[in-house]
Amino acid sequence: MTSEPTSDAMRSREIVERARAVIPGGAQTGLRAQAYDTGDVAFESADGATLTTVDGDEYTDYHLGFGPIILGHAHDAVDEAVRRAIDGGVLYGAGTTPLEVEVAERLVDLLPSVERVNFCNSGSEATYHAIRLARAHTGNEKILKFEGCYHGWHDYVDVSVYPPEERLGERYPESDGMLSAAVENTLVAPFNDPEAVAETVREHGDDLAGVILEPIPHSVGCLLPEEEFLETLREATRDADVPLIFDEVITGFRHSTRGAQGEFGVTPDLTCVAKALGNGYPVAAVGGREDLLSQAGGDNETGVVISGTYSGNLPGLAAARETVDTLVDANVQDRVTDLGEAYRAGLGDLLSDRGIEGRVVGHRSIFSVQFGVTGQPRSYEDVLGLDEAKFREFAAGMRERGHFFTPNPYKRHHLSFAHGEEHAESYLDDAVAVLGSL
Ligand code: PLP
């Protein structure tokens, strides 16, 4: 467990100032820069569940790099596997490698929808490839996505992730500079609305290329999918011969090695995985039905091009093989699920005992507290209106006491195999004080 941060963060402040002079916003992404809402911070090392700043301040880490770290930071076996792999070089870029085959075989064994698999380096690449495969299969251009689902930064999908209330139901581009034709071809519907799915497929069936969703939209905390919604999605897309794409970038190897598809018993046509697949090393994959994936694998003059200099790089694959084996052998997901339940129950009691308007959401190793809203959310609309300022205050108070998570109120806490009951006790004890002061 960590001690409370005591330094006055001198080096962090200096480094963030230098970062702002050379890096837009002083961090690699806008979301990372949001950490500065609770004070300048530059991190230098991490081990297990602990994240340490350049000033030597230690935090229990609930951010875990936006979720990839499922086994804990600096995991000995994963890092050792990577070291062994890179002793033989990092990249060959021709033919295949035994490691590539071994990780592909594991994904085919574990994920119900996966018969063939292609590796890449990030979730955004995986969703990009999946959509290209779906477009090639159907000859159509439009895709359907759901409000509140994030599938990466590219123009096909960075639409209506966090639309403002007055833009619900529209195609809302999340970034300046997006191609209007891409946005035009991205249809949006509310999550958990089977009628909207059926209607979109009826109306656009002839030009629909695919339907993509996070089976549990964690980009807005946690929306649990209802059975009828998943069944309608599966039936409507199967009837129209439109690929159903599960973006399991978070759910894939964080919640279960069989993915949400294994958990909910609904098999998509294409699946994207990343994040916890490699415990933080950059490795991702698109997998799915043999006929869909086999559109790629040609000679680059026919079929679908799936390409990437770093795809199948050895450190990423070595990390994936070791991470997947550890997840399977050590029953990691059962342990982090139990722990997640302890945090959720503890936080829920704190809110109700103190009469604080809010709710605790989550699934397995993920949880979040959302202030100013009650009842379990079913769709993005139910997340609108949460009290952003109060969450930021909560994040600042918890950070002062040694617990780090992003102050972004729509995101989530993650747990790893390195977190234990002592972390839960300390978090909940400190949450009493912080909630009492809000
Ligand atoms: N899909 C989901 C569900 C995600 O959460 C993310 C990233 O947060 C992505 C796709 C994009 O992955 P990456 O950031 O690796 O490109």
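Please verify whether segment 174-196 includes one or more residues that are in a loop (DSSP other than H, G, I, E, B), among the hydrophobic types (A, V, I, L, M, F, W, C) and farther than 28 Å from HIS255 by Cβ.
Filtering segment 174-196 for residues in a loop (DSSP other than H, G, I, E, B) gives 174-179, 185, 190-193.
Filter once more, so that each one left must be among the hydrophobic types (A, V, I, L, M, F, W, C): 178-179, 191.
Going one step further and asking which of them are farther than 28 Å from HIS255 by Cβ, we end up with 178-179.
Among the residues of segment 174-196, at least one is in a loop (DSSP other than H, G, I, E, B), among the hydrophobic types (A, V, I, L, M, F, W, C) and farther than 28 Å from HIS255 by Cβ, which makes the answer yes.
Need at least 3 residues that are away from the ligand (no atom under 12 Å from the Cβ) per element, so show me which helices (runs of 4 or more DSSP H) inside segment 224-307 make the cut, counting only ones lying wholly within it. Step through it out loud before you land on a result.
Details: elements: 227-240, 251-254, 259-264, 290-293.
Helices (runs of 4 or more DSSP H) meeting the threshold: 227-240, 259-264, 290-293.
For the subset of segment 87-133 comprising residues that are among the polar types (S, T, N, Q) and within 23 Å of the chain's Cα centre (by Cα), which member is surrounded by the fewest Cβ atoms within 10 Å (Cβ to Cβ)?
First, the residues of segment 87-133 that are among the polar types (S, T, N, Q): 96-97, 113, 118, 121-122, 124, 127.
Cutting the leftovers down to within 23 Å of the chain's Cα centre (by Cα) gives us 113, 118, 121-122, 124, 127.
Numbers: SER113: 22, ASN118: 24, ASN121: 21, SER122: 18, SER124: 21, THR127: 29.
Restricting to residues being among the polar types (S, T, N, Q) and within 23 Å of the chain's Cα centre (by Cα), the top hit is SER122.
Determine whether segment 260-273 contains at least one residue that is within 17 Å of TYR128 (Cα to Cα), within 20 Å of the chain's Cα centre (by Cα) and of a type in the set (Gly, Ala, Ser).
Within segment 260-273 (the criterion being within 17 Å of TYR128 (Cα to Cα), within 20 Å of the chain's Cα centre (by Cα) and of a type in the set (Gly, Ala, Ser)), the answer is no, since none of the residues qualifies.
Could you give every pair whose Cβ atoms fall below 9 Å, whose first residue belongs to segment 177-201 and is over 11 Å from LEU233 (Cβ atoms), and whose second residue is outside any strand (DSSP E or B) and of a type in the set (S, T, N, Q), counting only separations of at least 6 or pairs across chains?
Going by the 9 Å Cβ cut-off, the qualifying pairs are THR186/SER160; LEU187/THR200; VAL188/SER160; PRO190/SER379; GLU195/THR232.
Report yes if TYR172 is at pLDDT 95 or above and within 13 Å of the ligand (Cβ to nearest atom), otherwise no. Write out each step before concluding.
On the way: at pLDDT 95 or above: yes; within 13 Å of the ligand (Cβ to nearest atom): no.
Here the answer is no, as TYR172 does not meet what is asked.
Within segment 394-433, how many residues are in contact with a helix residue (DSSP H, G or I) (Cβ under 8 Å, 6 or more places away or on another chain), free of Cβ contacts under 8 Å to residues at least 60 places away in the same chain and either surrounded by fewer than 21 Cβ atoms within 10 Å (Cβ to Cβ) or closer than 26 Å to VAL332 by Cβ (or both)?
Here the count works out to 4.
Among the residues of segment 370-393, write down those that are crowded, with 21+ Cβ neighbours inside 10 Å and part of a helix (DSSP H, G or I).
TYR380, ASP382, VAL383, PHE391
Within segment 28-61, can you find the residues that are of a type in the set (Gly, Ala, Ser) and either crowded, with 18+ Cβ neighbours inside 10 Å or more than 16 Å from the ligand (Cβ to nearest atom) (or both)?
Kept after step one, since they are of a type in the set (Gly, Ala, Ser), are these residues of segment 28-61: 30, 33, 35, 39, 42, 45-46, 48-49, 56.
Answer for segment 28-61, where residues must be of a type in the set (Gly, Ala, Ser) and either crowded, with 18+ Cβ neighbours inside 10 Å or more than 16 Å from the ligand (Cβ to nearest atom) (or both): ALA35, GLY39, ALA42, SER45, ALA46, GLY48, ALA49, GLY56.
Taking ALA345, is it closer than 20 Å to VAL432 by Cβ and surrounded by fewer than 17 Cβ atoms within 10 Å (Cβ to Cβ)? Reasoning before the result, please.
On the way: closer than 20 Å to VAL432 by Cβ: yes; surrounded by fewer than 17 Cβ atoms within 10 Å (Cβ to Cβ): yes.
So ALA345 passes the test.
Of all residues in segment 154-169 being without any contact (Cβ under 8 Å) to a residue 24 or more places away in the chain and not basic (Lys, Arg), which is nearest to the ligand (Cβ to nearest atom)? Working first, answer last.
Step one: list which residues in segment 154-169 are without any contact (Cβ under 8 Å) to a residue 24 or more places away in the chain, which gives 158, 164, 166-167, 169.
From what is left, the residues that are not basic (Lys, Arg) are 158, 164, 166, 169.
Values: ASP158: 10, PRO164: 21, GLU166: 25, GLY169: 22 Å.
Going through the qualifying residues, I end up with ASP158.
For segment 18-46, which residues satisfy the criterion of being touching a residue at least 12 places away in the same chain (Cβ under 8 Å) and in a helix (DSSP H, G or I)?
ALA19, LEU31, GLN34, ALA35, TYR36, ASP37, THR38
Consider only pairs whose beta carbons are under 7 Å apart and that are at least six residues apart or on different chains; among these, list those whose first residue lies in segment 116-144 and is assigned by TED's automatic domain parsing to the domain that holds VAL159 and farther than 26 Å from GLY95 by Cβ and whose second residue is of a type in the set (Lys, Arg) and more than 12 Å from the ligand (Cβ to nearest atom).
GLU141/ARG135
Filtering segment 320-369 down to residues that are of a type outside the set (S, T, N, Q) and assigned to a loop (DSSP other than H, G, I, E, B), which residue is nearest to the chain's Cα centre (by Cα)? Before you say what the answer is, go through the steps one by one.
Taking segment 320-369 and keeping what is of a type outside the set (S, T, N, Q), we get 320-322, 324-325, 327-330, 332, 334-336, 338-351, 353-364, 366-367, 369.
Of the ones still in play, those that are also assigned to a loop (DSSP other than H, G, I, E, B) are 330, 354-357, 364.
Working: ALA330: 22, ARG354: 32, GLY355: 32, ILE356: 29, GLU357: 27, ARG364: 14 Å.
Checked segment 320-369; the qualifying residue nearest to the chain's Cα centre (by Cα) is ARG364.
In segment 62-153, which helices (runs of 4 or more DSSP H) lie fully inside it and hold 1 or more residues that are within 16 Å of the ligand (Cβ to nearest atom) and either in contact with a Phe, Trp or Tyr (Cβ under 9 Å, 6 or more places away or on another chain) or not basic (Lys, Arg) (or both)? Give the steps one after another, and end with the answer.
Working: elements: 76-86, 98-110, 123-138.
Of the helices (runs of 4 or more DSSP H) lying wholly inside segment 62-153, those with at least 1 residues that are within 16 Å of the ligand (Cβ to nearest atom) and either in contact with a Phe, Trp or Tyr (Cβ under 9 Å, 6 or more places away or on another chain) or not basic (Lys, Arg) (or both) span 123-138.
With respect to GLY221, is the statement that it is within 16 Å of the ligand (Cβ to nearest atom), over 21 Å from LEU270 (Cβ atoms) and surrounded by 15 or more Cβ atoms within 10 Å (Cβ to Cβ) true?
On the way: within 16 Å of the ligand (Cβ to nearest atom): yes; over 21 Å from LEU270 (Cβ atoms): yes; surrounded by 15 or more Cβ atoms within 10 Å (Cβ to Cβ): yes.
The answer is yes for GLY221.
What's the number of the only condition in (1) closer than 22 Å to ASN185 by Cβ; (2) within 16 Å of the ligand (Cβ to nearest atom); (3) among the small types (Gly, Ala, Ser) that ALA198 fails to meet?
It fails just one condition, (2).
With the requirement that a residue be of a type outside the set (Gly, Ala, Ser) and either over 21 Å from THR323 (Cα atoms) or touching a helix residue (DSSP H, G or I) at 6+ places or on another chain (Cβ under 8 Å) (or both), what does segment 108-124 give you? Please lay out each step first, then the result.
Here is the first cut: in segment 108-124, the ones of a type outside the set (Gly, Ala, Ser) are 108-112, 114-121.
Within segment 108-124, LEU110, LEU111, PRO112, VAL114, GLU115, ARG116, VAL117, ASN118, PHE119, CYS120, ASN121 qualify.
The values are calculated or read from the model by the stated rules, or taken from the named source; none is laboratory data. Because the structure is predicted, anything quoted here is derived from the model rather than measured. Because the Cβ atoms are built from the backbone with ideal geometry, glycine has one as well, and the counts that use them run over all protein chains shown.
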